[in-house]
Amino acid sequence: MLIVCATYRLESSGIFSIQFLHVFRCQANTTRLDVKVRTIEGQYGTLQAYITPRIQPKTCQVKGYLIKPLSLHRRTHVIDEKRPMNELKLTGYFSLGEVHSWVSYCIPDVPEKAPPGETVTLLFQSTLLETQLVCTYAQNTINFRSDNISTISILKEVITKLATTRKIQLSINYTLEESSVTHMLKLIHPKLEYQLNLAKKVQLIDALREVALHEKDTEFMSAEYKEIMKNAEEIQAEHRLQPCHLERLYGMITDLFIDKFKFKGMNVKAKVPQLLQILDGYDITKLLDFFDNAQQPVQYDRDRE
């Protein structure tokens, strides 16, 4: 059995581009295959699986799975009103049904048809970071509120593209809450700190095993090193289960950094290497200072040039 998985995305030019392509060639006796795909919000399209079994005559079955822009969000019924919220307001000439289709295109767990009433309010929560999103829309107006600037940025980009495709002009207004950036970094902090410590432990395991191999008595080791040696297999197994989790957290912080200043009309992509350097030697105080002072001119390290 042969399975080809491909993700297609419709570009603004009207051409479909392939974002992901993978081929699974199964053994002769294979009758079942489970494939798990970890999505990244903001990267969306249709995942199509072309399944070709080893039978005669040759056939191919195609299965399509829609990956939405905010694929890691789910419906909820309660939000924390005390959180700092960024706001995006879009106005124009469009029907309630049309704006509902836009929301359904962007976020999972949205009913196919708009609920009854002139105004609709839907609440969502991120399954990864537990950030929240409030969608309120009616005829000719949409309002999004979220404690994550990147969520607002994705919605702005996608809905603007959908409206442009249908030749609908939108008036865009947004309000950024500066404290939401600090709030986001503190939400990510325990997850990032845990992953960095996990990666550090994995790097130490081989060295500690080498020492233990040549030393009869390992009592001189610290309690931390003894704990790593004792749980080495569990640590390595956990790291194998989520090998890219640290890179995902790096990506979220980078997106947050870029999106914060993009809404201010500033391009700070040139400072991303500095940000990654700070993340490698992670200290939350230094990270917060970098976000606060990133409007200053980029300072280069002459010794590195």
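The values are calculated or read from the model by the stated rules, or taken from the named source; none is laboratory data. The structure displayed is predicted, hence computed values, not measured ones. Cβ atoms come from the backbone with ideal geometry, glycine included; neighbour counts cover every protein chain shown. Surface accessibility is based on the protein's heavy atoms, side chains included, excluding ligands, DNA and RNA. Shrake-Rupley method; radii C 1.70, N 1.55, O 1.52, S 1.80 Å.
For the subset of segment 3-46 comprising residues that are under 17 Å from the mean Cα position of the chain (by Cα), surrounded by 12 or more Cβ atoms within 10 Å (Cβ to Cβ) and more than 19 Å from residue 105 (Cα to Cα), which member is modelled with the highest pLDDT?
37
I'd like the residue in segment 194-212 that is without any contact (Cβ under 8 Å) to a residue 24 or more places away in the chain and farther than 14 Å from residue 226 by Cα and, out of all such residues, is least open to solvent (accessible area, probe 1.4 Å).
197
What number of residues within segment 142-172 are of a type in the set (D, E, K, R), open to solvent by 70 Å² or more (accessible area, probe 1.4 Å) and outside any helix (DSSP H, G or I)? Reasoning before the result, please.
The first filter runs over segment 142-172 and keeps only residues of a type in the set (D, E, K, R), leaving 145, 147, 156-157, 161, 166-167.
Keeping just the survivors that are open to solvent by 70 Å² or more (accessible area, probe 1.4 Å) gives 157, 166-167.
Checking the rest, the ones that are also outside any helix (DSSP H, G or I) come to 166-167.
Summing the residues that are of a type in the set (D, E, K, R), open to solvent by 70 Å² or more (accessible area, probe 1.4 Å) and outside any helix (DSSP H, G or I) in segment 142-172 gives 2.
If you take the residues in segment 226-254 that are over 17 Å from residue 39 (Cβ atoms) and among the acidic types (Asp, Glu), which one is farthest from the chain's Cα centre (by Cα)?
If we take residues in segment 226-254 being over 17 Å from residue 39 (Cβ atoms) and among the acidic types (Asp, Glu), then 227 is farthest from the chain's Cα centre (by Cα).
Let me spell it out: the conditions are (1) closer than 17 Å to residue 257 by Cα; (2) touching a helix residue (DSSP H, G or I) at 6+ places or on another chain (Cβ under 9 Å); (3) exposed (fewer than 15 other Cβ atoms within 10 Å of the Cβ), and residue 175 meets all of them except one. Which number is the exception?
(2)
What are the residues in segment 96-109 that are of a type outside the set (A, V, I, L, M) and either open to solvent by 10 Å² or more (accessible area, probe 1.4 Å) or in contact with a Cys (Cβ under 7 Å, 6 or more places away or on another chain) (or both), if any? Steps first, answer last, please.
First, the residues of segment 96-109 that are of a type outside the set (A, V, I, L, M): 97-98, 100-102, 104-106, 108-109.
Within segment 96-109, 97, 98, 101, 104, 105, 108, 109 meet the criteria.
Would you be able to say whether some residue in segment 69-84 is under 22 Å from residue 261 (Cβ atoms) and within 18 Å of the chain's Cα centre (by Cα)? Even if it seems obvious, please write down each step before you answer.
First, pick out the residues of segment 69-84 that are under 22 Å from residue 261 (Cβ atoms): 69-70, 83-84.
Narrowing further to those that are within 18 Å of the chain's Cα centre (by Cα): 69-70.
Yes; the residues of segment 69-84 include at least one that is under 22 Å from residue 261 (Cβ atoms) and within 18 Å of the chain's Cα centre (by Cα).
How many residues are surrounded by 16 or more Cβ atoms within 10 Å (Cβ to Cβ) and over 18 Å from residue 176 (Cβ atoms) if we restrict to segment 80-95?
The number of residues fulfilling the criteria is 1.
Condition check: exposed (fewer than 14 other Cβ atoms within 10 Å of the Cβ) and in a helix (DSSP H, G or I). Does residue 248 satisfy that?
On the way: exposed (fewer than 14 other Cβ atoms within 10 Å of the Cβ): no; in a helix (DSSP H, G or I): yes.
So residue 248 does not fit the description; no.
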